[in-house]
Amino acid sequence: MIITKAYQRDENPNIAHIEGVISTNHVDIQGESVSQDGLDFDYFLKKGFFNYEHKSGPENVLGYPTSVERRGDQTTVKGVLLLDRPLAKEISATADAMRKAGSSRSLGFSIEGQVIERGRNEKNQIKKARVINVAITASPINPNTSLLLKALALVGHQVPSEPSPAGSLS
């Protein structure tokens, strides 16, 4: 199942509004699952960033979040991508090239932070965690996330003839 994200160009050509699913209850490729109820996004919303491929340093900052919302068994984010950053432009160009090629593959998101509590009997189950940053990555640990470029059209298994309204998920 592909869970999509949205991307929308802003009136300001230096930023883009992004949106998408950043975490789900599904078991990831490392055999772990994350309880969405146990995720703390306070730090991420106040001081965290979107970064490039889990790399630290100011050169890898791509943008920042504006809101996080839990929707059933998944967590969504809205935020800003800083298009003046070379890596942010690369992400935009890559996602657009994938869309133009008709690829069913896409970039994704990956949460990063501190595990606070694991399941007592199942150590591969994360019960509580503090999210510090979210990576935009070509290799998300949770394969149920994917990046969608909204203004440029939809990327993934569904490609409608016209983009969805701003702020919506497919």
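The values are calculated or read from the model by the stated rules, or taken from the named source; none is laboratory data. What you see is a predicted model, and the numbers here were worked out from it, not measured in a lab. Ideal geometry is used to build each Cβ from the backbone, glycine not excepted, and the neighbour counts take in all protein chains shown. Only protein heavy atoms, including side chains, enter the accessible area calculation; ligands, DNA and RNA are left aside. Shrake-Rupley method; radii C 1.70, N 1.55, O 1.52, S 1.80 Å.
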- Residue-ordered couplings for the range 33-38, obtained by feeding phi - 60° into the Karplus form 6.51 cos²θ - 1.76 cosθ + 1.60 and rounding to whole Hz (Gly and Pro as x), are 10, 10, 6, 5, 5, x
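How much of the accessible area of the range 12-122, in percent, comes from carbon and sulfur atoms when a 1.4 Å probe is used? Please report the intermediate quantities before stating the final value.
Numbers: 2820 of 6000 Å².
Its accessible area is 47 percent carbon and sulfur atoms.
In nm, what is the difference between 0.36 nm times the number of residues separating Ser103 and Ile29 and their Cα-Cα distance?
Once the chain is fully extended between Ser103 and Ile29, it gains 24.5 nm.
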- Of the residues Thr66, Pro86, Tyr52, the Cα lying farthest along the dipole of the range 49-90 towards its positive end, which is defined by charges on the beta carbon of Lys, Arg, Asp and Glu, belongs to Thr66
- Query: Counting other Cβ atoms within 10 Å of each Cβ, which GluC sites (Glu not before Pro) in the range 44-74 have at most 16 and sit in a DSSP loop?
  - Reply: Glu53
- Item | Whole-Å distance, taken between Cα centres, linking the range 86-142 and the range 43-63 | 12 Å
- Note on the structure: With x for Gly and Pro, the residue-by-residue ³J(HN,Hα) of the range 128-145, computed from phi through the Karplus equation 6.51 cos²θ - 1.76 cosθ + 1.60 at θ = phi - 60° and given in whole Hz, is 9, 8, 9, 8, 9, 9, 10, 8, 9, 9, 7, 10, x, 5, 8, x, 8, 10
- Task: Provide the descending list of Cα extents for the range 22-149 along its principal axes, expressed in whole angstroms.
- Result: 45, 32, 24
- Message: Can you compute 3J(HN,Hα) from phi for each residue in the range 52-59, using the Karplus curve 6.51 cos²θ - 1.76 cosθ + 1.60 with θ = phi - 60°, rounded to whole Hz and x for Gly and Pro?
- Response: 8, 6, 6, 8, 8, x, x, 5
- Message: For a 25 Å ceiling on Cα separation, which of these pairs sit above it: Lys47/Lys123; Lys46/Lys100; Lys89/Lys128; Lys89/Lys127; Lys47/Lys127?
- Response: Lys47/Lys123; Lys46/Lys100; Lys89/Lys128; Lys89/Lys127
